[in-house]
1. State which residue is surrounded by the most Cβ atoms within 10 Å (Cβ to Cβ) when the search covers only segment 102-134 and only residues that are within 19 Å of PRO6 (Cβ to Cβ) and modelled with pLDDT under 70.
2. Just to check your reading of the model, which residue among ARG113, ARG94 is within 23 Å of the chain's Cα centre (by Cα), assigned to a helix (DSSP H, G or I) and without any contact (Cβ under 8 Å) to a residue 12 or more places away in the chain?
3. Quick one: count up the residues across segment 99-122 that are basic (Lys, Arg) and more than 27 Å from LEU36 (Cα to Cα).
4. Does segment 36-55 include one or more residues that are more than 26 Å from the chain's Cα centre (by Cα) and either loosely packed, with under 12 Cβ neighbours inside 10 Å or under 30 Å from GLU123 (Cβ atoms) (or both)?
5. Tell me, yes or no, whether segment 76-89 has at least one residue that is modelled with pLDDT under 90, farther than 30 Å from MET14 by Cβ and part of a loop (DSSP other than H, G, I, E, B).
6. Check whether at least one residue in segment 69-76 is closer than 29 Å to ALA37 by Cα, touching an Asp or Glu at 6+ places or on another chain (Cβ under 9 Å) and surrounded by 11 or more Cβ atoms within 10 Å (Cβ to Cβ), and report yes or no.
7. If I go through segment 2-60 residue by residue, how many of them are in contact with a Leu (Cβ under 8 Å, 6 or more places away or on another chain) and part of a helix (DSSP H, G or I)?
8. Can you pull out the residues in segment 61-70 that are of a type in the set (A, V, I, L, M, F, W, C) and assigned to a loop (DSSP other than H, G, I, E, B)?
Amino acid sequence: MTEGAPLPTPAAVMAFLDEKAVEIDQLGKLIEEAHLALGDREAEWEEALDEALLELVEEYEARGERLPGEDVRLAMARKRTGFGVYAEYRRAKRRVEALEKHARKMETAISARQSTLKGLQEEAKVPTFDPRTGEVFGARQ
């Protein structure tokens, strides 16, 4: 909230929290689906990489040559797999990361509104004192 802006009503805060509860539930389902898709893409990528590595081993053995170092073998295998499988894996990973980042932002907004609501509730309980008259407003009689 900006300075000088009127405080929201408890009803407005509750409506916001109700709306965000539904959104966070839907977001949770999207995150779960994205994690499952990421698992599938990761498995595809690892399978393609393993196949390319095995092909390299077979080629080097057939030629009677010594295999290059692991980092070179991995680079050669990645090149053989083509970009498509790896791109799908990276895309799925970025989607999971983006959804989780959005969920964290949402949770922060919800937490802030819950704090606002708690403050409004506390404020409603505190009697107001007029020092000029000594009168307490909102006190129970």
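The values are calculated or read from the model by the stated rules, or taken from the named source; none is laboratory data. What you see is a predicted model; the values in this text were computed from it and never measured. With ideal geometry, Cβ positions are generated from the backbone for all residues, glycine too; neighbour counts draw on all protein chains shown.
1. My answer is THR128.
2. ARG94
3. Selection size over segment 99-122: 2.
4. Within segment 36-55, one or more residues are more than 26 Å from the chain's Cα centre (by Cα) and either loosely packed, with under 12 Cβ neighbours inside 10 Å or under 30 Å from GLU123 (Cβ atoms) (or both).
5. yes
6. No, segment 69-76 contains no residue that is closer than 29 Å to ALA37 by Cα, touching an Asp or Glu at 6+ places or on another chain (Cβ under 9 Å) and surrounded by 11 or more Cβ atoms within 10 Å (Cβ to Cβ).
7. Result for segment 2-60: 13.
8. LEU67, the sole residue that qualifies.
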